[in-house]
1. Take every Cα pair under 8 Å in the range 79-214 that's 6+ residues apart, average their separations, divide by the length, and report that relative contact order as a whole percent.
2. Output needed: percent of Cα pairs per 10 Å distance bin for the chain, bins running from 0 to the one holding the longest distance.
3. Ranked by Cβ crowding within 10 angstrom, fewest neighbours first, how are 96, 50 ordered?
4. Just to confirm the number: angle between the C-alpha axis of helix 2-24 and the first principal axis of the chain, 0 to 90 degrees, nearest 10?
5. What 222 nm value per residue comes from the helices of the chain, counting each DSSP H run with n ≥ 4 as -39,500 (n - 2.57) and dividing by all residues, nearest 500 deg cm²/dmol?
6. Sequence gap at least 6, Cα distance under 8 Å: using those rules, report the relative contact order of the range 34-155 to the nearest whole percent.
7. Relative contact order, percent, of the chain when contacts are C-alpha pairs under 8 Å separated by at least 6 residues?
């Protein structure tokens, strides 16, 4: 009897160890990593439409601009912890017959569990791995999301309340520019719409390309300009009528060299 108990106990421990070994085997994430490729000297081109709200004596003015943007990773270096960090450059031009103008540098890197981009002294966790439907994460752990950013001469807490999550994984899409992708992942970042704040934001990524679409609509109102502070009259107005500060941005993939 004692030998039987010892045998059963040994078998159970062996089975438990086997289960632990199976769960410890890392998944092949190469396909997931391809949604955030890190390749030197391969420019990606985007159409960028932006609208910035300005307060004037005549009221709120929507200032619209359209540009072509080029982003290229130009060099790679090793961080103190040994990871590879890529430095990128962002250039833009108003039209294809005009010269490019330098805008800014940015940096990107990838770990086994995340893809990170740093720009304007802000660090964003853009993706987490593996790519799983409804997976949520905090994309702004490296900075206070409630901090104000100057937009159109006004202060706005653009990133306050954002909640990153995968809402589509493996979905095909055709963009407004005509570019077609058989497989993409959609990161919904913000969906707030209340009396005083609108925050709508998402990014879409495709294998081998990375970011193919980005939208941010961040607007705010105190219902003063439209309604003299009367919130009852303000609440049902569309944002195009009641917004007092903010911006709208749409970045869409054009091509890759």
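Nothing in this text is a laboratory measurement; each read-out follows from the coordinates by a stated rule. Here the structure is a predicted model, which means the values were calculated and not measured. For neighbour counting, all protein chains shown are included, and Cβ atoms are generated from backbone atoms with ideal geometry for every residue, glycine included.
1. Numbers: 248 pairs, mean separation 16.4, N = 136.
Reported as a whole number, the value is 12 percent.
2. Using 10 Å bins, I get a P(r) of 6, 24, 30, 20, 9, 5, 3, 2, 1, 0 for the chain.
3. On the way: 96 7, 50 15.
Fewest-to-most Cβ neighbours within 10 Å comes out as 96, 50.
4. Roughly 30 degrees, rounded to the nearest 10.
5. Working: 5 runs with 39 residues, N = 257.
Computed mean residue ellipticity for the chain: -4000 deg cm²/dmol.
6. Working: 207 pairs, mean separation 19.8, N = 122.
Answer for the range 34-155 is 16 percent.
7. Working: 553 pairs, mean separation 47.3, N = 257.
So the answer I get is 18 percent.
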